[in-house]
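Input: a single structure, listed below in structure tokens.
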Amino acid sequence: MKKLFIVQDNLGRDYEIPDIESFYQHLKEFHLNGISVHEEEGHYFTVNDNFREKIKKMFDSRK
């Protein structure tokens, strides 16, 4: 059974991350440091150190 990963966007709406590995890799490639905004299927996320850490923990727990 596939593990579900859900985060809230900037408007407080739940977003289910379909592929945590590619989501995490994208953050590492395009949002590695500082503060930026990531758009995913109409959801906007402010990417900062806290968000990166949250996604990293999800990624690390994927198995």
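The values are calculated or read from the model by the stated rules, or taken from the named source; none is laboratory data. Not measured: the values here are computed from a predicted model. Don't worry about glycine lacking a Cβ; one is built from the backbone with ideal geometry, like all the others, and counts go over all protein chains shown. SASA here: full protein model, heavy atoms, side chains in, ligands and nucleic acids out. Shrake-Rupley method; radii C 1.70, N 1.55, O 1.52, S 1.80 Å.
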Scanning the stretch 5-17 for residues that are touching an Asp or Glu at 6+ places or on another chain (Cβ under 9 Å) and either assigned to a loop (DSSP other than H, G, I, E, B) or among the charged types (D, E, K, R) (or both) gives Phe5, Asp9, Ile17
Scanning the stretch 1-46 residue by residue, the ones that are of a type in the set (A, V, I, L, M, F, W, C), open to solvent by 30 Å² or more (accessible area, probe 1.4 Å) and under 14 Å from Lys57 (Cα atoms) total 2
Filtering the stretch 29-63 down to residues that are in a helix (DSSP H, G or I) and within 20 Å of Lys3 (Cβ to Cβ) yields Phe51, Arg52, Glu53, Lys54, Ile55, Lys56, Lys57, Met58, Phe59, Asp60
